[in-house]
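Novice: Take a look at this one; I'll ask things after.
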Amino acid sequence: MSKHRVSRRQFLNYTLTGVGGFMAAGMLMPMVRFAVDPVLKASEGGDFIATKQRVDEITTEPQRVDFTFTQKDAWYESEVTNTAWVYRDDKGEIVALSPVCKHLGCVVSWGSDSANPDMFFCPCHYGLYTKDGVNVPGTPPLGPLDVFPYQERDGILYLGKAKPHKEA
Amino acid sequence: MRWTSSDMDMYMKEKEYVDTAVIPMLPVSFGSDMKQAASMAEFIALLTNQLERQFRGRLVLLPGYTYFKNDSEKSLEGVKNWERELGKDQFKHVFIVTADTEWKKHERNLSSSLIWLPSIPLEHMDENYKVSIIEDQVKQLMHLFIQKWRESE
């Protein structure tokens, strides 16, 4: 047989170390996992949602673009459709504005007020925003409309989470 | 605004801007028209929910008024009670949204604006189709609301 004979004591030592090691690993692994969990979590809200809008079809006239995502409200999950007003500005860059009025959260729309056809209009308290989303002084809204960050993938417009307007 | 505590905080703060209350009418029946009542309630609940999203800064969407379909006398009393109670506060406009034709008969006795819409059976509908149908209906409702608001100015 082999030259190296394993004594009973050695055999027991090996098996105990092995089993003990597994047990220790079994206990420590979840702890380590919990400790680093926040790092492993995918960042929420950073992801972009696909719309049905083709990028090359965006004109200088603001148009409604709907996009749907799943929203979790406590334990109730629902499909939510969000809207953005998308157009190209004078420099040819895409602008995607959130339709939520900065006054009390109604939904604004482009040119729905016959007196101001080239402004965003809030039907609740007659708030007005210019085309770049800046509120018109003298109307109820206190700030400019939020802006959606956008990406272009395969010619399709993707929108991210609304951010406060930068300029103004 | 919805009938939730966080929205009520907003209401307290911005009271002067909120002048409209919406009561969705939700019929309940256990007779032969059980299914019809359920589909009406479903339709009205969906519709008013969407409406609230559009006009959340100016209206309060109250929890629906639930009533037994076969007991119209009593339900009418209940609605009048609501109207009295809402009139006390500063709701200049109270809208009752229903799919039940029964209310059309009582319209004269109500001080609020009754909006009747025919219920659309949504049960066999594809999700996308459902959404677009509700959206169309909401648009019509919005026009009605805006019109009423304009009239009172």
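Novice: Post the alpha-carbon centroid distance, the stretch A:1-26 to the stretch B:1-37, in whole angstrom.
Specialist: 71
Novice: About the Cα centre of the stretch B:1-143, what is the dipole size in debye to 20, counting +1 per Lys and Arg Cβ and -1 per Asp and Glu Cβ, all else neutral?
Specialist: 340
Novice: Follow-up. For the stretch B:5-151, what's the relative contact order in percent, using C-alpha pairs closer than 8 Å and at least 6 residues apart?
Specialist: In percent, rounded to a whole number, it is 28.
Novice: Give the shape of the stretch A:1-41 as rounded, prolate or oblate, defined through the alpha-carbon gyration tensor: a ≥ b ≥ c are the square roots of its eigenvalues, a/c under 1.5 means rounded, and otherwise the shape is prolate if a/b is larger than b/c and oblate if not.
Specialist: Verdict is prolate for the stretch A:1-41.
Novice: Let me ask something else. Using the Cα centre of the stretch B:26-93 as origin and beta-carbon charges of +1 (Lys, Arg) and -1 (Asp, Glu), tell me which of B:86, B:72, B:40 is placed farthest towards the positive end of the dipole.
Specialist: B:86
Novice: Picking from A:150, A:76, A:126, which is most flexible by a Gaussian network model of chain A using Cα springs under 10 Å?
Specialist: A:76
Novice: Here is a follow-up. Which of A:102, A:52, A:131 moves most in a GNM of chain A, Cα contacts under 10 Å?
Specialist: Residue with maximal mean-square fluctuation among A:102, A:52, A:131: A:52.
Novice: Have a look at A:28, A:145, A:104 and tell me which one the Gaussian network model of chain A (Cα, springs below 10 Å) gives the largest fluctuation.
Specialist: A:28
Novice: Take every Cα pair under 8 Å in the stretch B:84-153 that's 6+ residues apart, average their separations, divide by the length, and report that relative contact order as a whole percent.
Specialist: 24
Novice: Working from Cα positions, state the angle (0 to 90°, nearest 10) between the long axis of helix A:8-40 and the longest principal axis of chain A.
Specialist: With rounding to tens, the tilt is 10 degrees.
Novice: Sticking with the crude label model, points 7 Å out along Cα→Cβ, report the distance from residue A:66 to residue B:102 in nm, one decimal please.
Specialist: Spacing of the two 7 Å Cα→Cβ label points: 3.3 nm.
Novice: Using the Kirkwood formula on the Cα atoms of the stretch A:100-168, what hydrodynamic radius do you get, in angstrom to one decimal? Write down the numbers at each step before the final one.
Specialist: On the way: mean 1/r = 0.0788 Å⁻¹.
By the Kirkwood definition, the hydrodynamic radius is 12.7 Å.
Novice: For B:25, A:27, what's the fewest-to-most ordering of other Cβ within 10 Å of each Cβ?
Specialist: Numbers: B:25 25, A:27 9.
Ordered by Cβ neighbours within 10 Å, fewest first: A:27, B:25.
Novice: Defining a contact as two alpha carbons under 8 Å apart and six or more residues distant in sequence, what relative contact order in percent does the stretch A:26-144 show? Before the final figure, lay out each step's value.
Specialist: Values: 172 pairs, mean separation 15.6, N = 119.
Averaging sequence separation for qualifying contacts and normalising by length gives 13 percent for the stretch A:26-144.
Novice: Compute the distribution of all C-alpha to C-alpha distances in the protein assembly as shown, in bins of 20 Å from 0, and list the percent of pairs in each, rounded to whole numbers.
Specialist: For the protein assembly as shown, the binned pair fractions read 25, 45, 18, 8, 4, 0 percent.
Novice: What shape does the stretch B:5-151 take by its C-alpha gyration tensor, where a ≥ b ≥ c are the square roots of the eigenvalues and a/c under 1.5 counts as rounded, a/b above b/c as prolate, and the rest as oblate?
Specialist: Values: a/c = 1.79, a/b = 1.19, b/c = 1.50.
Judged from the Cα gyration tensor, the stretch B:5-151 comes out oblate (a/c at least 1.5, b/c at or above a/b).
Novice: Hey, what does the equivalent ellipsoid look like for chain A, semi-axes from the Cα gyration tensor as sqrt of 5 times each eigenvalue, largest first, whole Å?
Specialist: 60, 18, 13
Novice: For the stretch A:107-168 and the stretch B:41-102, what is the separation of their Cα centres, given in Å?
Specialist: Spelled out, the Cα-based centre of one part sits 31 Å from the other.
Novice: Using a simple charge model, +1 on the beta-carbon of Lys and Arg, -1 on the beta-carbon of Asp and Glu, nothing else, what dipole does the protein assembly as shown show about its Cα centre, in debye to the nearest 20?
Specialist: That gives a dipole near 1660 debye.
Computed from the coordinates by the stated procedures, all read-outs in this text should not be read as laboratory data. All figures in this text were calculated on a predicted structure; none of them were measured in a lab. Please note: Cβ atoms are built from the backbone with ideal geometry, for glycine as well, and neighbour counts cover all protein chains shown.
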